[in-house]
Amino acid sequence: MTSRRAFLIVMDSVGIGGAPDADQFFNDDRPDTGANTLAHIARAAPLNMPHLDALGLGAALRLASGEDAPGLGRPPQGLWGAATEVSRGKDTPSGHWELAGVPVPWAWHYFPDTHPAFPPDLSARIAALAGTEGILGDEHASGTEIIARLGDRHLQSGWPICYTSADSVLQIAAHEEAFGLQRLYDLCIEVAKLVHPLRVGRVIARPFLGQGGSYARTPNRRDFAIAPPSDTLLDVAQAAGAPTHAIGKIGDIFSHRGIDRLHKGASDADLARHLIRLADEAEEGSLTFANFVEFDSLYGHRRDINGYARALEWFDGIAGQFLARLRPGDLAIFTADHGNDPSWSGTDHTRERVPVLGWGYGAREIGLVGFADVAASVAQHLGLPAIGPGRVFL
């Protein structure tokens, strides 16, 4: 059976170094020059990733940064190369939008690493919208740390915990039962209306549960992202009548535009089941766009090298199961949106090139390409109108 489907799979934060402008991005005042998520993980914990390495993962790493990685050295049997980002951000929306054909045309707004981090009038508006006398936090922080530190005060006062990071983001944490999950979502929707005009990329609801100093975030996170400034690959596909499937946080990243069916889950393991199922079930001519976030959220930001390594090996097994179900005529591309080197200083993303690994076009070196070239190539494969500034590499 011959089909013509496309699967675009983002391994969130699996960078491969070599970004030519890494010196312009920082972690704790240290430039990202030399950051290399995949290489540094492999040197600390050699990787066994036979399926993605057979597509060209190790070769892409060497192309991007000139570095080798223990365990990644197979001759490429798939389409392989490395992509360089032009958007002036090393964040989730910038990377995904550009992969979907829309480089970010503006500079994001970032809140300063001060205490307080937010302008007083914004903090006052958040409190008013929440119906409280104030907010907690108002600083740069790790989500798990600030919830552990301020969870008791939140339960006592009812005030929402508001914080930010090196990303263009405002996060609001609240107890799912005591504060209310829908109340938290409603608050974030209204706060997004205040900060999106400032070019703050996302307002993120971070619900948690627990008591007495023992708290845990729940899977009910929700991102309220600024809308892309022009049509993305998803919009173009949907307008042309191609069925579109979004796995994981893709819906949030693209403000739920251009998406016919959303497939969510509490973990990457849940999302993997969706991906494997859609390899069997996705319609002729369809586009499936997936994000696997736990490399980033559980291991990169927390600087957990061994955890990241084990997650990569687990995902390689998922990739093998998925690839075995594809049909002649399908295209599958594995890539990433930025880096998050767990060996690096700080807790922020790192500016890196990313792998572009393809199944469906045989063994083919595509060299150094742009993020937007991914969208152009997927559109070409599906017979869609040309999109964005990218060039086709198929």
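The values are calculated or read from the model by the stated rules, or taken from the named source; none is laboratory data. Model, not experiment: these values are computed from the prediction. Positions of Cβ are backbone-derived with ideal geometry, glycine not excepted, and every protein chain shown enters the neighbour counts. Ligands, DNA and RNA are excluded from the accessible area calculation, which covers all protein heavy atoms including side chains. Shrake-Rupley method; radii C 1.70, N 1.55, O 1.52, S 1.80 Å.
Using alpha carbons only, how many angstrom separate the centre of segment 134-187 from the centre of segment 331-389?
34 Å
Per residue of segment 349-356, in order, report the coupling 6.51 cos²θ - 1.76 cosθ + 1.60 (Karplus, θ = phi - 60°) as ³J(HN,Hα) in whole Hz, putting x for Gly and Pro.
4, 10, 7, 8, 5, 10, x, 10
Round to a whole number: what % of the accessible area of segment 268-386 belongs to carbon and sulfur, probe 1.4 Å?
50 percent
Can you tell me the accessible area per residue over segment 120-225, all protein chains present, probe 1.4 angstrom, in square angstrom?
42 Å²
From the C-alpha coordinates alone, can you work out the Kirkwood hydrodynamic radius of segment 120-225, in Å?
13.4 Å
Rounded to the nearest whole Å³, what is the per residue volume of the convex hull around the Cα atoms of segment 43-101?
113 Å³
Have a look at the DSSP beta bridges in the chain and tell me what percent are antiparallel, nearest 5.
Around 40 percent of the beta bridges assigned by DSSP in the chain are antiparallel ones.
Apply the a/c threshold of 1.5 to the C-alpha gyration tensor of segment 1-100 and tell me whether it is rounded, prolate or oblate.
oblate
From the phi of every residue in segment 365-377, what ³J(HN,Hα) in whole Hz does the Karplus formula 6.51 cos²θ - 1.76 cosθ + 1.60 yield, where θ is phi - 60° and glycine or proline is x?
8, 9, x, 8, 10, x, 3, 5, 5, 5, 4, 4, 6
Of 256, 115, 154, which is the most mobile in a GNM of the chain whose springs link Cα atoms less than 10 angstrom apart?
Result: 115 has the largest fluctuation of those listed.
Can you give the alpha-carbon Rg of segment 256-394 over 2.2 N^0.38 Å, where N counts its residues?
With N residues counted in segment 256-394, Rg over 2.2 N^0.38 Å equals 1.11.
Where both residues lie in segment 81-203, what percent of DSSP beta bridges are antiparallel, nearest 5?
Bridges in segment 81-203 that DSSP calls antiparallel: roughly 35 percent.
What is the spread of the Cα atoms of segment 22-180 along each of their three principal axes, largest first, in whole Å?
62, 34, 29
Within 10 Å of each candidate Cβ there may be at most 14 other Cβ atoms; applying that plus a DSSP loop requirement, which trypsin sites (Lys or Arg not before Pro) in segment 304-366 survive?
Of the trypsin sites (Lys or Arg not before Pro), the ones in loops of segment 304-366 whose Cβ has at most 14 other Cβ atoms within 10 Å are 325.
Under the rule that an exposed site lies in a DSSP loop and has at most 16 other Cβ atoms within 10 Å, name the longest stretch of the chain with no chymotrypsin sites (Phe, Trp or Tyr not before Pro) of that kind, not counting the sites themselves.
Counting at most 16 other Cβ atoms within 10 Å as exposed, the longest clean stretch of the chain is 107-360.
Taking N as the number of residues in segment 163-302, what is its alpha-carbon radius of gyration divided by 2.2 N^0.38 Å?
1.14
Considering only DSSP beta bridges with both partners in segment 142-283, what is the antiparallel share in %, to the nearest 5?
50 percent
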